[in-house]
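Inspection log for the structure reproduced underneath, given as structure tokens.
The values are calculated or read from the model by the stated rules, or taken from the named source; none is laboratory data. Keep in mind that this is a model prediction, so the values were computed, not measured. Because the Cβ atoms are built from the backbone with ideal geometry, glycine has one as well, and the counts that use them run over all protein chains shown. Keep in mind that these areas ignore ligands, DNA and RNA; they rest on the heavy atoms of the full protein, side chains included. Shrake-Rupley method; radii C 1.70, N 1.55, O 1.52, S 1.80 Å.
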Amino acid sequence: MGRRPRPGIAPPPGMLFIQRAAIADAITVEVDRPLAFRPRLVGFWRGNEFHLIARVVATRREHDAIYHRVLTDRGAFDLRSIRRADAVTLRFRRCWEVCAELDAVPLARLP
């Protein structure tokens, strides 16, 4: 069973992403079900601006981080989720940051 597309920005079938800027800004991510095993990303706060996520284009999991390439109502971004341990309690917590701003270029398909 496939996921239904969210209302808002519907990207064309083919997209090319070009990195505009490499950054490392801390953000606050909002999810639909916080206690779920893999909650769905809804949006994120970057400073005082809220970015509504229209589509998660790709997800890449590595040993220490999870990377999400997302299309929002204000552009395309690469988000990174890192597990950090507290030095005293050794408890892990998730930290989110924007690691890149992207330009999304739609690709024309020839018949």
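Among the residues of segment 46-103, the ones that are at positive phi and touching a strand residue (DSSP E or B) at 6+ places or on another chain (Cβ under 9 Å) come to 2 in all.
Number of residues in segment 1-32 that are at pLDDT 90 or above and outside any strand (DSSP E or B) equals 1. Of everything in segment 34-46 that is open to solvent by 60 Å² or more (accessible area, probe 1.4 Å) and at pLDDT below 90, the residue that is nearest to residue 76 (Cα to Cα) is 38. Within segment 52-90, if we keep just the residues that are part of a loop (DSSP other than H, G, I, E, B) and more than 24 Å from residue 14 (Cβ to Cβ), the residue that is most open to solvent (accessible area, probe 1.4 Å) turns out to be 63.
Scanning segment 91-107 for residues that are open to solvent by 30 Å² or more (accessible area, probe 1.4 Å), of a type outside the set (D, E, K, R) and touching a residue at least 24 places away in the same chain (Cβ under 8 Å) returns 96, 104, 105, 106, 107.
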